[in-house]
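Report on one structure; see the data block that follows.
The values are calculated or read from the model by the stated rules, or taken from the named source; none is laboratory data. Predicted, not measured: the structure shown is a model, and the values here were computed from it. Glycine gets a Cβ as well: all are built from the backbone with ideal geometry, and neighbour counts include every protein chain shown. Just so you know, the surface numbers come from the protein's heavy atoms only, side chains and all, with ligands and any DNA or RNA stripped out. Shrake-Rupley method; radii C 1.70, N 1.55, O 1.52, S 1.80 Å.
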Protein chains: 2
Amino acid sequence: MSELIVPHGKEEKLIPLLLEGSELAAEVERAKGLKQIRITSREASDLIMMGIGAFTPLTGFMGKADWQGVCDKFLMADGTFWPIPITLSTDDEDVKEGDDLALVDEETGTTIATINVTEKYTIDKEHECKTVFTTTDAAHPGVEKVMAQGKYNLAGPVKVLSESYYPEQFKDLYQRPAESRKIFDEMGWKRVAALQLRNPMHSSHEFLAKIAVEVMDGVYIHQLVGKLKAGDIPADVRVNAISTLVDNYFVKGTVVQGGYPMEMRYAGPREGLLHAVFRQNYGCSHMIIGRDHAGVGDYYGPFDAQKIFDEIPEGGLKCQNLNIDWTFYCYKCGGMASMKTCPHGKEDRMLLSGTIVRKTLSEGGDLPAEFSRPEVAKILQEYYQGLEEKVEIKLHGAATGDVKK
Amino acid sequence: MSELIVPHGKEEKLIPLLLEGSELAAEVERAKGLKQIRITSREASDLIMMGIGAFTPLTGFMGKADWQGVCDKFLMADGTFWPIPITLSTDDEDVKEGDDLALVDEETGTTIATINVTEKYTIDKEHECKTVFTTTDAAHPGVEKVMAQGKYNLAGPVKVLSESYYPEQFKDLYQRPAESRKIFDEMGWKRVAALQLRNPMHSSHEFLAKIAVEVMDGVYIHQLVGKLKAGDIPADVRVNAISTLVDNYFVKGTVVQGGYPMEMRYAGPREGLLHAVFRQNYGCSHMIIGRDHAGVGDYYGPFDAQKIFDEIPEGGLKCQNLNIDWTFYCYKCGGMASMKTCPHGKEDRMLLSGTIVRKTLSEGGDLPAEFSRPEVAKILQEYYQGLEEKVEIKLHGAATGDVKK
């Protein structure tokens, strides 16, 4: 494993916080007697990222000094690079520094971890939003969640007790960093590019991945299995579509697939950096950064997430960005191309909006072969047609139909 | 310029040996009074490479210790990485150590340089051939030239007086390393991939170049304007074909073209390394190494020139290899692909032999669009048809027709 990129942080080794065996059993028992704090799905998924070592070298939720440094300088108090605060909040007035608490996922009721509270502090939420999201617009889904946080942040070391439903629900996909590193190592890979996916893979994504395959040892197609925003395609459909594409259009031994539980923050450039940090832990030397990486709406310029890699503190991050421009099929080029390699005009290119894609698929129509592989389009067609049927049934029962959104 | 890759060697700066101004005039005058030694076109082109700083940090032809170290360990006597001996030979018994000589190109009669002979020595030519070419087969064009060398090698510092016909004959293409570096710098490039070309650019080469454009700041299409072997396409036809391709199928600002005067040695892997050494001097951070780079016949495995980059002394070479597999059009992929990205069968791919390409073009036929851009095919068609006509004319005059070869 020595030839793969080292994990993030000064110790250069994975620091998983998930307990195992008798230690786990004892802590689970102890947790039952602790005061319970309900945590959000974002906090739960951050705990699991810490549990599996994906957030190495974090050992718990951040304190005020780390929070401030990360917001203002991309650096934790000890000088370690980190781009987005990883914090826990509560409105509970009674919690005191020194308390041991059990952290319970408010959505599933699972006790995810215990924390020893070393610091209880307040933050300027608007400052976090301005620095991390570059906006305080409440319509931004990341801003919305920060602004909805409790009055106090709680910092301190955590012991993680559960990976929640992820290992079960995403059996063939969910991976810990130690697992992906073992796979890369067995394949003899050193230069590995991560492709972040939260949507099905159309020809554009295939093109990105294949450029990376050409110049690297392999590509890690790393899918988000954490929570998405409304309207995103569910993980099982996505996984099916991607596996079908990989099976039919990639050479065996050039692609590894995996899933990670982190929730999207839609922080665009800053999230691109966070993606690189935890991909380094997963063993990736490079992170593919395409157009509007981890963005939402019009909050970020299309290539801001590429530029930010040149603006961070020198030497902070070992995982490098592999920038790829906006990609499409060009009839004059006679193949896939990007703005960087195709000199032709808009009229020569196949460009479809998300709206047209969804409309075509839900009406059972075929996507053009230049936009999507037929095997992939078929899977999505079935999904969208299924949705239509559900909506129709609901409409009979006077439902709102907003599932189509 | 500080952000481009540094030139090769410990001093990390270009060392051009070409005299200028009054120094040049004085040395040209002095050369007239010196004993003349006829040199081969290979030796002349090596001198010009030294003259323009492309062979930095060499200051003259190599002595025995450098020759031995380069053959056996890829290292000159002072520990500098170098993959192929750069030597001068003669049969002249009278030349003595300490002599100053004028070096005259036997083909053009131009005095290219003067040398102060510091060492006269003999070499085991077969040893050079075995280590550099991995063969002593006299049918290998590089071996043939080494075996035809004079009895003695002459080492010593040189002063270069002329770039011969290159600046004039290849006016828009011929470049010194300081010139390409200035251009890259003005374009804001840091990561530059060199694409070595000695043939016209078909879709496969376009694909290689475009992968590099996607992941780098730009591509330096660097054409050999030194001597080729019989049957290779002349530089002016090649230049015309390549420029037409670049104008029609590349984005402005992503490609720089240049030419260099070195003669091919067809040393395959070792020559791939030499290509990287002097490309570093030209300002390239990466050297594209495709299938059978700088090879001839079946002397080298198709990817030996990629593998050798992992076998050389650690830290010897800053310019990195950008390996790209065998490329082609695949009908199932619906575009260009390589063995690394296309999982389909031979029957799905467009593969043409050089013989079929030449036959098609010389008969005025069209190459398939999947193999070559029509604008490029047209230029080559005209060239090959011109050859046919010459052959026919010659045949009337009882010529051999071997120009077709």
What whole number of Å gives the distance from the Cα centroid of the stretch B:152-205 to the Cα centroid of the stretch B:102-119?
21
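Semi-axes of the equivalent ellipsoid of the stretch B:110-188: what are they in whole Å, largest first, if each equals the square root of 5 times a C-alpha gyration tensor eigenvalue?
On the way: eigenvalues 208, 76, 38 Å².
Ellipsoid semi-axes (Å, largest first): 32, 20, 14.
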Label point 7 Å beyond Cα along the C-beta direction, distances from B:ASP137 to other copies (nm, shortest first):
6.7
Pull up the cross-link candidates among the aspartates and glutamates for B:LYS73, meaning alpha carbon to alpha carbon under 13 Å and not fewer than 8 places away within one chain.
B:GLU128, B:GLU311, B:GLU314
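Where nothing but the Cβ of Lys and Arg (+1) and of Asp and Glu (-1) is charged, how large is the charge dipole of the stretch B:168-384 around its Cα centre, in debye to the nearest 20? If you can, show how the numbers build up before the last one.
Working: 26 positive and 27 negative charges, 43 e Å.
In total the dipole reaches around 200 debye.
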Checked against the positive end of the charge dipole of the stretch B:21-160 (+1 on Cβ of Lys and Arg, -1 on Cβ of Asp and Glu, about the Cα centre), the farthest of B:ALA44, B:MET76, B:THR114 is B:MET76
Square roots of five times the C-alpha gyration tensor eigenvalues of chain B, ordered largest first and given in whole Å, equal 35, 25, 21
Using the Cα centre of the stretch A:202-245 as the reference point, and only Cβ charges (+1 on K/R, -1 on D/E), how large is the resulting charge dipole? Debye, rounded to the nearest 20.
200
Alpha-carbon centroids, the stretch A:7-63 and the stretch A:67-101: separation in whole Å
14
Tell me, what is the FRET efficiency for B:ALA138 and B:GLU314 to the nearest 0.05, using R0 = 45 angstrom and their Cβ-Cβ distance as r?
0.80
Dipole of chain B, positive end: most advanced residue of B:VAL213, B:LEU19, B:LEU274 [Cβ charges, Cα centre]
B:VAL213
Considering the Cα trace of the stretch A:332-391, what is its radius of gyration and what is Dmax, both in angstroms?
14.0, 44
So which lysines can B:LYS120 reach, going by Cα to Cα under 20 Å and dropping same-chain residues fewer than 8 places off?
B:LYS35, B:LYS64, B:LYS96, B:LYS145, B:LYS151, B:LYS159
Rg in Å to one decimal, and Dmax rounded to a whole Å, for the stretch A:21-160 via C-alpha atoms:
14.8, 47
Along the dipole axis of the protein assembly as shown (charges at Cβ: +1 for Lys and Arg, -1 for Asp and Glu; origin at the Cα centre), the most positive-end residue among B:ILE324, A:GLN381, A:VAL95 is A:GLN381
Considering only the stretch A:168-384, what is the antiparallel percent among its DSSP beta bridges, to the nearest 5?
25
In vacuo Debye sum over C-alpha of the stretch A:168-384, base-10 log of normalised intensity I(q)/I(0) at q = 0.14 Å⁻¹, listed in q order, is -0.88
Take A:LEU351 and B:ASN240, extend 7 Å from each Cα along the Cα→Cβ direction, and tell me the distance between the two endpoints in nm.
3.7
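Given the rule -39500 (n - 2.57) for each run of at least 4 DSSP H residues, summed and divided by the residues of chain A, what is its mean residue ellipticity at 222 nm, to the nearest 500 deg cm²/dmol?
Values: 13 runs with 135 residues, N = 405.
The helix-only estimate for chain A comes to -10000 deg cm²/dmol at 222 nm.
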Under 5 Å between amide hydrogens, which residues at least 5 positions from B:ILE39 or on another chain qualify, with H placed 1.01 Å from N in the peptide plane?
B:VAL104, B:ASP105, B:GLU106
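For chain A, what does the relative contact order come out to in percent, with C-alpha contacts under 8 Å and a separation of six or more?
Working: 780 pairs, mean separation 66.4, N = 405.
Contact order relative to length: 16 percent.
Peptide B:246-253: average number of partner chain Cβ atoms within 10 Å per residue?
On the way: counts 1, 1, 3, 9, 4, 9, 1, 1.
The mean count of partner-chain Cβ atoms within 10 Å per residue comes to 4.
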If I ignore ligands, DNA and RNA and count only protein heavy atoms, how much of A:PHE133 is accessible to a 1.4 Å probe, in Å² to the nearest 10?
10
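If we sort A:155-165, B:8-18 on the protection proxy, mean other Cβ atoms within 10 Å, highest first, what's the order? Each step should come with its number before you reach the end.
On the way: A:155-165: 20.8, B:8-18: 17.2.
Final packing ranking: A:155-165, B:8-18.
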Between B:GLU126 and the same site in the other copies, what are the distances in nm, shortest first, taking label points 7 Å from Cα along the C-beta direction?
8.6
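Run the dipole for chain B about the Cα centre, Lys and Arg Cβ at +1, Asp and Glu Cβ at -1, nothing else charged, and hand back the magnitude in debye, nearest 20. Before the final figure, lay out each step's value.
Details: 46 positive and 60 negative charges, 149 e Å.
Charge dipole of chain B: 720 debye, to the nearest 20.
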Look at the axis of the rotation that sends chain A onto chain B, then give the chain A residue with the nearest Cβ and the distance in whole Å.
A:GLY335, 2
Run the quick spin-label model on B:LYS151 and A:GLU20: label points 7 Å from Cα toward the beta carbon, then report their separation in nm to one decimal.
7.4
Report the far tail of the P(r) of the protein assembly as shown, meaning the percent of Cα-Cα pairs longer than 34 Å.
58
